[in-house]
Structure formats: structure tokens, C-alpha cells
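Take a look at the structure set out below.
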Amino acid sequence: MSKIAILGHGVVGSGTAEVFLKNKESIIKKTGQSVDIKYILDLRDVSEFGECEYADKFTKDFEVILNDDEVTVVAELIGGITPAYDYVKALLLSGKSIVTSNKELVAKKGAELFKIAKDKNVSFFFEASVGGGIPIIRTLNQCLAADKINEVAGILNGTTNFILTKMSRDNMGFEEALRLAQDNGYAERDPSDDINGTDACRKICILASMVFGKRVNPDKVFTEGITSLTKEDIAFCESNGGTVKLIARAIKDNDKVSVSVCPAFVDKNSQLAGVNDVYNAILVRGEATGDVVFYGKGAGKYPTASAVVNDIVNALNNSGNTLSWGDEEQEITPPEFSKTCGNIRFFDNI
């Protein structure tokens with residue numbers, strides 16, 4: 001019997017436990033193994049989780065998980081670097097496969113952790129780190145592997161897209177739209193990573209690293225958020241046949257790679273212009289396939305949890321396989337904009 005553990009019982013962690021247990025019989029059939037959750041790590045008291053059908057699985061002791069040979073796959077859903085990095089590294093070194101939704105960990109520490117996973121012949125999967133339930137990572141690695149990808153661009157943050165949609169549709173100011181996003185649970189109490197572009201930056205770095213094969217350092221990426229946008233900026237773009245979106249973009253032109261995140265004018269005829277509210281869309285531009293667009297809910301408890309559980313199934317079936325990119329850092333060139341108007345950048349051919 002294979003056992004799994006979940007680190008963190010927040011939104012995604014609790015969703016992962018629910019999705020796994022709801023689909024347990026199907027997972028057993030797909031893996032050909034008798035599999036169950038053995039531990040859920042969370043430092044809070046179990047009473048804080050209300051009536052929980054799996055209350056007996058909670059532990060506050062990471063070492064119990066690390067030293068249990070029955071546990072073969074661990075889902076890291078804590079987020080951030082500390083203590084997630086130390087936990088994941090120790091688990092990989094002990095011979096356990098990892099799945100994660102932690103975009104910061106993958107973007108900043110991925111190359112190192114991939115190498116450990118390969119050396120230990122275990123898996124490291126991170127589908128849920130970009131696009132929530134949108135299956136973009138595995139698609140790039142498998143379905144589009146034969147094509148040469150020259151560009152990846154898209155709307156990678158649902159919170160900012162919701163805010164911009166409200167500013168456009170309902171003529172709201174930025175602060176009013178942000179408060180509404182927080183009231184609806186789309187924005188955190190501290191929304192800095194979203195509205196400053198940091199979240200989208202980490203995600204485009206993961207996608208760029210995947211398609212270009214070298215580590216893209218988030219600290220080297222040109223990043224602007226949406227905090228300076230006004231209703232007048234939105235109205236200007238709409239009067240000129242477009243709209244404003246926070247666009248994350250990575251382009252390879254011969255040996256030059258440019259990566260950026262910023263508010264951008266998107267023509268009304270673009271496939272990205274009609275992506276509204278909390279939805280994400282990712283455009284992949286290949287030499288053979290041309291433009292392919294992936295659309296769906298880029299965040300949320302159950303879409304992200306579904307991606308995590310899919311990775312758990314893949315890790316159970318394919319231990320020893322891992323997605324990765326090289327440890328060599330990709331040199332980044334400054335992005336090129338056709339023009340700039342106020343706080344809005346104009347790209348060609350989005």
C-alpha cells in the first residue's frame with residue numbers, strides 16, 4: 001500500500017484532501033495501488049478545522065513524515081520558501097516524490113530540486129504552480145515537445161484580471177475594485193504579490209524556463225503591477241479599440257530571450273481581450289502549431305487541488321520521472337515595446 005502526505009491544510013491543502021478522498025476509488029484503479037492519505041501536516045489545532053472526516057490524519061511533526069518509509073509521495077502546499085524549501089529538499093533526499101503548487105519555490109529553487117529528484121530517482125511535479133486547473137505544464141512538456149516554442153504570453157493572475165475587469169465594465173477605481181476582490185475572496189488581505197505583478201512574474205519564469213530550457217531568474221525580469229492604473233487609462237484604451245490586461249510575456253528571438261510582466265494594451269481582436277474576471281489564458285506560439293490558447297480558472301480551491309491530485313497520480317505511476325530545466329541561468333534582454341502611454345505598455349502582435 002502506498003501512502004501520501006500533505007503539507008499544509010490551507011485553501012489548496014484542504015481542497016487536495018477533499019478531492020483525493022472523494023476520488024479515492026478512481027485513483028486506486030488508475031494507479032493499480034491501494035493508496036491513502038496517512039498524514040496532513042499543519043501547526044494549527046485540529047479544532048480550528050471544524051468537523052473534519054480526516055481529523056485523525058493531522059500531525060504537527062514534520063519528522064514523522066520524513067522518517068516514515070510508507071510515505072512515497074508528499075504534496076507540498078505550504079507556499080513560500082521557508083520552511084517549504086527545507087522540507088522539500090529533505091523529503092527528496094529521503095527518496096520521496098514531491099508534487100507542489102508553490103510557484104515561488106519552483107521559480108527560485110526548481111533547478112536545484114529537480115537535480116536532487118533525478119539523483120534520487122523520484123518525481124518532482126508542479127502542474128498546479130501555474131494556471132490552477134489549466135493543464136499547461138504537462139502540455140508544454142509532452143504535447144508540444146516536438147515544436148519549437150518562440151513565445152509564451154498570457155493573463156496569469158486572476159486577482160488582477162478581476163480588478164481590471166471591474167475597472168473596465170463598472171467604471172470602478174483601482175481601490176474600489178481591489179476591495180471588491182478582497183470581499184469576494186479573490187484577493188488576500190495583503191494583495192501585494194498579485195497587484196505588484198510578483199505572482200505573474202514567478203509563473204512566467206516557470207513557463208519560460210520550461211520552453212527555453214534554462215533557469216529564468218524572477219529577480220532579473222522587468223515587472224510592473226497595476227497599482228498606478230486609473231479609470232482614465234482604461235477608458236483611453238477602450239476608446240482606441242482595446243482593453244488593458246496584466247500581460248506576462250516571454251519571447252525568444254534567435255539567442256535573445258525577453259521576459260516581462262506589465263499592464264498592456266490588448267487589441268479587441270486578440271484572443272486575450274475577452275478573458276475577464278478571475279479567468280486566466282495562456283497563449284503559446286510555436287513554429288509548427290502557430291498560436292494555441294489555454295483558458296480556464298487559474299486559481300481557486302478545487303481547480304488547483306485537482307491539478308495537485310493529478311500530479312499525485314502521475315507520481316505514483318511514474319516515480320523516477322520529473323519535469324525540469326537546466327541549472328544554467330538564462331540571460332535576459334530588456335523587453336521591447338512598440339510604445340508606452342502613461343502606465344500602459346503597447347506590445348506588437350499580442
**Message:** Being assigned to a strand (DSSP E or B) and either of a type in the set (Ser, Thr, Tyr) or closer than 25 Å to Gln330 by Cα (or both) narrows it down to one residue among Val99, Val88, Val74, Val106; which is it?
**Reply:** Val99
**Asked** What about Lys268, is it touching a Gly at 6+ places or on another chain (Cβ under 8 Å), open to solvent by 20 Å² or more (accessible area, probe 1.4 Å) and without any contact (Cβ under 8 Å) to a residue 40 or more places away in the chain?
**Response** yes
**Prompt:** Within segment 59-71, is there a residue that is in contact (Cβ under 8 Å) with a residue 40 or more places away in the chain and aliphatic (A, V, I, L, M)?
**Reply:** yes
**Request:** List every residue pair whose Cβ atoms sit under 9 Å apart, with the two residues 6 or more apart in sequence or on different chains, where the first one lies in segment 80-94 and is under 14 Å from Lys115 (Cβ atoms) and the second, anywhere, is open to solvent by 40 Å² or more (accessible area, probe 1.4 Å) and assigned to a loop (DSSP other than H, G, I, E, B).
**Result:** Leu92/Lys120; Leu93/Lys120
**Asked** Can you tell me how many residues in segment 273-285 are more than 24 Å from Lys301 (Cα to Cα) and open to solvent by less than 10 Å² (accessible area, probe 1.4 Å)?
**Response** 1
**Request:** Could you tell me which numbered condition Phe294 fails, if it satisfies all but one of (1) in a strand (DSSP E or B); (2) over 30 Å from Gly185 (Cβ atoms); (3) touching a residue at least 60 places away in the same chain (Cβ under 8 Å)?
**Result:** (2)
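Each row is one residue, and each column tells you yes or no for (1) in a helix (DSSP H, G or I); (2) at pLDDT 95 or above; (3) of a type in the set (Val, Ile, Thr).
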| site | (1), (2), (3) |
| --- | --- |
| Cys262 | no, yes, no |
| Val284 | no, yes, yes |
| Ala299 | no, no, no |
| Ile312 | yes, yes, yes |
| Ser324 | no, no, no |
| Pro335 | no, no, no |
| Asp348 | no, no, no |
**Message:** Tell me which helices (runs of 4 or more DSSP H) are completely within segment 135-222 and hold 1 or more residues being in contact (Cβ under 8 Å) with a residue 60 or more places away in the chain and among the β-branched types (Val, Ile, Thr), or say none if there are none.
**Reply:** 158-169, 198-212
**Asked** Do you know which of the residues in segment 236-264 that are in contact (Cβ under 8 Å) with a residue 60 or more places away in the chain and open to solvent by 30 Å² or more (accessible area, probe 1.4 Å) is nearest to Lys166 (Cα to Cα)?
**Response** Glu238
**Item:** Test set (1) among the charged types (D, E, K, R); (2) touching a strand residue (DSSP E or B) at 6+ places or on another chain (Cβ under 6 Å); (3) under 24 Å from Thr139 (Cβ atoms); (4) in contact (Cβ under 8 Å) with a residue 24 or more places away in the chain - Glu287 fails condition number
**Value:** (2)
**Request:** Of the numbered conditions (1) open to solvent by less than 20 Å² (accessible area, probe 1.4 Å); (2) in a loop (DSSP other than H, G, I, E, B), Ala111 fails exactly one; give the number of that condition.
**Result:** (2)
**Message:** Can you pull out every residue in segment 177-193 that is surrounded by 15 or more Cβ atoms within 10 Å (Cβ to Cβ) and touching a Phe, Trp or Tyr at 6+ places or on another chain (Cβ under 9 Å)?
**Reply:** Ala177, Leu180, Ala181, Tyr186, Ala187
**Prompt:** Taking segment 114-134, which residues are in a helix (DSSP H, G or I) and out of contact with any helix residue (DSSP H, G or I) (no Cβ under 8 Å at 6 or more places or on another chain)?
**Reply:** Phe114, Lys115, Lys118, Asp119
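The values are calculated or read from the model by the stated rules, or taken from the named source; none is laboratory data. The structure displayed is predicted, hence computed values, not measured ones. Please note: Cβ atoms are built from the backbone with ideal geometry, for glycine as well, and neighbour counts cover all protein chains shown. These area figures cover heavy atoms from the full protein model, side chains too; ligands, DNA and RNA do not enter into them. Shrake-Rupley method; radii C 1.70, N 1.55, O 1.52, S 1.80 Å.
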